[in-house]
1. Within the range 111-123, track down each residue that is over 17 Å from residue 306 (Cα atoms) and under 25 Å from the mean Cα position of the chain (by Cα).
2. Could you identify the single residue in 95, 101 that is in contact with a helix residue (DSSP H, G or I) (Cβ under 9 Å, 6 or more places away or on another chain), outside any loop (DSSP other than H, G, I, E, B) and not assigned by TED's automatic domain parsing to the domain that holds residue 294?
3. If you go through the range 69-79 one residue at a time, do you hit one that is modelled with pLDDT under 90, loosely packed, with under 15 Cβ neighbours inside 10 Å, at negative phi and under 25 Å from the mean Cα position of the chain (by Cα)?
4. Output the number of residues of the range 141-157 satisfying the condition of being more than 16 Å from residue 250 (Cα to Cα) and either loosely packed, with under 14 Cβ neighbours inside 10 Å or in contact with a strand residue (DSSP E or B) (Cβ under 6 Å, 6 or more places away or on another chain) (or both).
5. Given the condition surrounded by fewer than 20 Cβ atoms within 10 Å (Cβ to Cβ), part of a helix (DSSP H, G or I) and touching a residue at least 12 places away in the same chain (Cβ under 8 Å), answer yes or no: does some residue in the range 164-173 qualify?
6. So in the range 238-267, with the set limited to residues that are free of Cβ contacts under 8 Å to residues at least 12 places away in the same chain and touching a helix residue (DSSP H, G or I) at 6+ places or on another chain (Cβ under 9 Å), which one is farthest from residue 154 (Cα to Cα)?
7. Just to be sure I understand, how many residues within the range 44-87 are over 30 Å from residue 99 (Cβ atoms) and either part of a loop (DSSP other than H, G, I, E, B) or in contact with a strand residue (DSSP E or B) (Cβ under 9 Å, 6 or more places away or on another chain) (or both)?
8. Being under 30 Å from residue 116 (Cα atoms) and modelled with pLDDT of 95 or more narrows it down to one residue among 282, 300; which is it?
């Protein structure tokens, strides 16, 4: 039986626990390295200090909030201090970032649009800050790159602008918002007329259609019965004052013509828009949500995305 008393290994003079296996296999009782011991004590001291400075132990119905404070400017422009937490830290960091960006926003506010796009420093700021603003406020609808989604939100990277692509028009769109609308014709027109209109609309952009139906659709388009020309214009090139799209180009927002598998599917895509109409073209107003300087910066950013007018 192994001797359970503490002993020293005769060959090395090292203290053992007294446990021996197979006659000569012993368990040494070496002390921990000094650096490890002090590191362990250090973690205890660190924990005690952390518990004092930062939120830690539950106390009654709440918790010990710690003595560390975070100071930031609240939405009312007043200085406010909170015990340390991630929300207060975020607000403080956002305030610090805003302070760093303020000189650039002041320059943006005081500089005409045409001068901004010819100023390398301001253009660089527009690209960097505009990308963040766009991601936070616009990308949910228009996608991260501004390419939009057919049937839902316009593509901002092309040169087709529903309400105009000038700086003034884009700024007005961002500030006041937009609400596009097209009445449903499903109950106002017979199916044959709707089919004829679909053929005519597709013919405007060079797609293969039934010539007779397209000719009939042309007459309906310019008649008081359908009155499509009132919004889309006599030449079907749209009216920016109403947000009515140009029907003569290859740009499609509401009818997924590019994604249709054949001519029949393209006709049906346009037909469905005519039947159901549109009440989805709503963009919220950003006035009051973003500052005038942020809206102006976004105006330049969006203008540059699609080579604005």
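The values are calculated or read from the model by the stated rules, or taken from the named source; none is laboratory data. Everything numeric in this text was worked out from a predicted model, so none of it was measured. Here Cβ is always computed from backbone atoms with ideal geometry, including for glycine, and neighbour counts include all displayed protein chains.
1. 121, 122
2. Working: 95 fails: in contact with a helix residue (DSSP H, G or I) (Cβ under 9 Å, 6 or more places away or on another chain).
Of the residues listed, the single one that is in contact with a helix residue (DSSP H, G or I) (Cβ under 9 Å, 6 or more places away or on another chain), outside any loop (DSSP other than H, G, I, E, B) and not assigned by TED's automatic domain parsing to the domain that holds residue 294 is 101.
3. Among the residues of the range 69-79, at least one is modelled with pLDDT under 90, loosely packed, with under 15 Cβ neighbours inside 10 Å, at negative phi and under 25 Å from the mean Cα position of the chain (by Cα), which makes the answer yes.
4. Of the residues in the range 141-157, 5 are more than 16 Å from residue 250 (Cα to Cα) and either loosely packed, with under 14 Cβ neighbours inside 10 Å or in contact with a strand residue (DSSP E or B) (Cβ under 6 Å, 6 or more places away or on another chain) (or both).
5. Yes - at least one qualifying residue is present in the range 164-173.
6. 260
7. 5
8. Numbers: 282 fails: modelled with pLDDT of 95 or more.
300 is the lone residue from the list that is under 30 Å from residue 116 (Cα atoms) and modelled with pLDDT of 95 or more.
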